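Worksheet: one structure, shown below.
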Amino acid sequence: MLTRLSAGLERICVGLLGLAFAALIVTVAIQVAARSILAIPIIWTLDVAQLLFSWMVFIGAGVAFRRGGHYVVDLWPSQWTRFSWALDIVAALLSAVVIYVLLVCGAEFTMIGLNREAQALAITEAWYFLPIPLGAAMMALFLAERLAGLMRGVR
């Protein structure tokens, strides 16, 4: 059940990340063309690019966490299964600390952003910070899936 939920969420996020990346490319192309060819700055493009980048970084980090795509160093032979299992548990606990910090601080930043406005887009700056706690919540779900797998003996 948890694996199906995580896999579905990952698929949705990957699709949305693809759309966000395409939108980022178009936005930056508009910005470059307007400045270089038309010699006029289009103010909103910078804010949209920043907003898309923020969402892509933190949602993408959640997807990378599920896929094991973050930096890993193997120091011990894979045959040391008990030792590797113990290290996997320690890594999961350390990941939980990072996820907690992202969740709590991201929520605080988002709340602070509610009181500030991005002038060019006429939206609150909370939209820039919202992907931090959302990405952390995704990572928490994916960590629960990983821990369940470790308890079943799956690496």
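Bear in mind these aren't lab numbers, they're just calculated from the coordinates by the rules spelled out. Not measured: the values here are computed from a predicted model. Note that each Cβ is placed from the backbone with ideal geometry, even for glycine, and that neighbours are counted across all protein chains shown.
Among THR81, THR110, THR124, whose mean-square fluctuation peaks in a Gaussian network model of the chain (Cα, cutoff 10 Å)?
Among THR81, THR110, THR124, the largest mean-square fluctuation in the Gaussian network model of the chain belongs to THR81.
Sort LEU38, LEU143, LEU75, LEU5 so the one with the fewest other Cβ atoms within 10 Å of its own Cβ comes first.
LEU75, LEU38, LEU5, LEU143
Using a Gaussian network for the chain with springs between C-alpha atoms less than 10 Å apart, which of these wobbles most: VAL28, VAL63, VAL48?
With Cα springs under 10 Å in the chain, the top fluctuation among VAL28, VAL63, VAL48 is at VAL28.
Quick one: angle between helix 81-113 and the longest Cα principal axis of the chain, in degrees between 0 and 90, rounded to 10, please.
Between helix and principal axis, roughly 30 degrees.
Gaussian network model of the chain, Cα springs within a sub-10 Å range: biggest mean-square fluctuation belongs to which of MET138, MET111, MET56?
Residue with maximal mean-square fluctuation among MET138, MET111, MET56: MET111.
Excluding GLN119 itself, what net charge comes from residues whose Cβ is under 15 Å from its Cβ, given Lys and Arg +1 and Asp and Glu -1?
Net charge around GLN119: -2.
Can you tell me the 0 to 90 degree angle between the C-alpha axis of helix 2-36 and the longest principal axis of the chain, rounded to 10?
30
Under the definition of Cα pairs under 8 Å and six or more residues apart, what whole-number percent is the relative contact order of the chain?
Answer for the chain is 27 percent.
Based on other C-beta atoms within 10 Å, arrange PHE53, PHE83 from fewest to most.
Ordered from fewest to most neighbouring Cβ atoms within 10 Å, PHE53, PHE83 come out as PHE83, PHE53.
Give me the one-decimal nm value for the distance between modelled label points at ARG116 and ALA96, 7 Å along each residue's Cα-to-Cβ direction.
So the label points at ARG116 and ALA96 sit 3.3 nm apart.
Against the longest alpha carbon principal axis of the chain, how many degrees, from 0 to 90 and to the nearest 10, is the axis of helix 131-151 turned?
For 131-151 against the chain, the angle is about 20 degrees.
With n ≥ 4 as the cut-off for DSSP H runs, can you work out [θ] at 222 nm for the chain, using -39500 (n - 2.57) per run divided by the number of residues, rounded to the nearest 500?
The helix-only estimate for the chain comes to -27000 deg cm²/dmol at 222 nm.
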